[in-house]
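Working notes, beginning with the structure itself.
Just so you know, all these numbers are worked out from the coordinates, no wet-lab data involved. Please read all numbers here as calculations on a predicted model, not as lab measurements. Neighbour counts run over all protein chains shown; Cβ positions are idealised from the backbone, glycine included.
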Amino acid sequence: MQITLMIVCVCRALNTAKVNDAIAAGARSPAQVHRHHDTTINCGKCCETVCGMIREQKGMAAMSSDQQMVHAE
């Protein structure tokens with residue numbers, strides 16, 4: 001399997017792995033993602049992508065809990 005990393009924040013050199021790490025650690029906003037990595041938002045162009053990644057992770061977590069409920073029944 002090939003893992004592709006994409007730069008999400010050019011200003012602060014945050015790639016998808018770093019953003020996902022922050023989300024896994026509980027970040028729920030672009031500011032929290034940056035805080036996790038001891039950076040700050042600069043131009044803000046990354047915010048839409050980061051928000052999308054957060055929404056995607058929430059959706060996957062919801063699906064996972066729904067699947068667990070089905071298995072429990």
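For the stretch 34-44, just list the computed ³J(HN,Hα) in residue order, Karplus coefficients 6.51, -1.76 and 1.60, θ = phi - 60°, integers in Hz, with x standing in for Gly and Pro.
5, 4, 4, 9, 6, 10, 10, 5, 9, 8, x
Could you give the dipole magnitude of the stretch 7-72 about its Cα centre, charging the beta-carbon of Lys and Arg +1 and that of Asp and Glu -1, in debye to the nearest 20?
Values: 7 positive and 5 negative charges, 36 e Å.
Once rounded to the nearest 20, the dipole reads 180 debye.
Would you mind checking which residues have amide H under 5 Å from V8's amide H? H placed 1.01 Å from N; only 5 or more apart, or other chain.
Here the answer is L14, N15, T16, since their amide H atoms fall under 5 Å of that of V8.
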